1. If you take the residues in region 1-14 that are in contact with an Asp or Glu (Cβ under 9 Å, 6 or more places away or on another chain) and part of a helix (DSSP H, G or I), which one is modelled with the highest pLDDT?
2. Which one of these is of a type in the set (Ser, Thr, Tyr) and at pLDDT 90 or above: SER41, SER64, SER55?
3. Out of region 17-54, which residues are more than 12 Å from the ligand (Cβ to nearest atom) and not in a helix (DSSP H, G or I)?
Amino acid sequence: MIIHIDPSSVSCDHIKQFMFDFIERELDGRLLMAMDNHVLSCEECQVMVKNYELSVDTGRKKISKTIKLPEGFKNEILKSLQDFTEEDDN
Ligand SMILES: [Zn+2]
């Protein structure tokens with residue numbers, strides 16, 4: 001699928017709108033990278049992608065293999081998500 005988004009202006013709306021193609025990696029490579037970067041820095045989109053993956057439940061887990069997380073970064077995200085969840089419980 002060819003869509004024209006300026007990779008430097010990827011927003012949550014773009015992730016939402018093109019979630020399927022993003023998960024399936026059916027977009028322009030530069031755009032996919034920009035979307036990966038957005039998702040990595042956006043907790044809202046991380047949750048969105050996770051929920052999408054759970055809802056489609058294909059068992060392919062494509063995105064978690066495709067996104068290359070820098071060493072330690074994943075732990076930081078998990079930790080901040082954990083903090084977020086703990087705060088939410090109060
Ligand atoms: Zn976002």
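The values are calculated or read from the model by the stated rules, or taken from the named source; none is laboratory data. Only a predicted model underlies this, so the values are computations on that prediction, with no experimental measurement involved. Neighbour counts are summed over all protein chains in view; Cβ atoms, including those assigned to glycine, are modelled from backbone coordinates with ideal geometry.
1. Only one residue tops the list, namely CYS12.
2. Working: SER64 fails: at pLDDT 90 or above; SER55 fails: at pLDDT 90 or above.
Answer to the selection: SER41.
3. Our first condition is that a residue be more than 12 Å from the ligand (Cβ to nearest atom); within region 17-54, this holds for 18, 20-21, 23-33, 50-54.
PHE18, GLU24, ARG25, GLU26, LEU27, ASP28 - these are the residues of region 17-54 that are more than 12 Å from the ligand (Cβ to nearest atom) and not in a helix (DSSP H, G or I).
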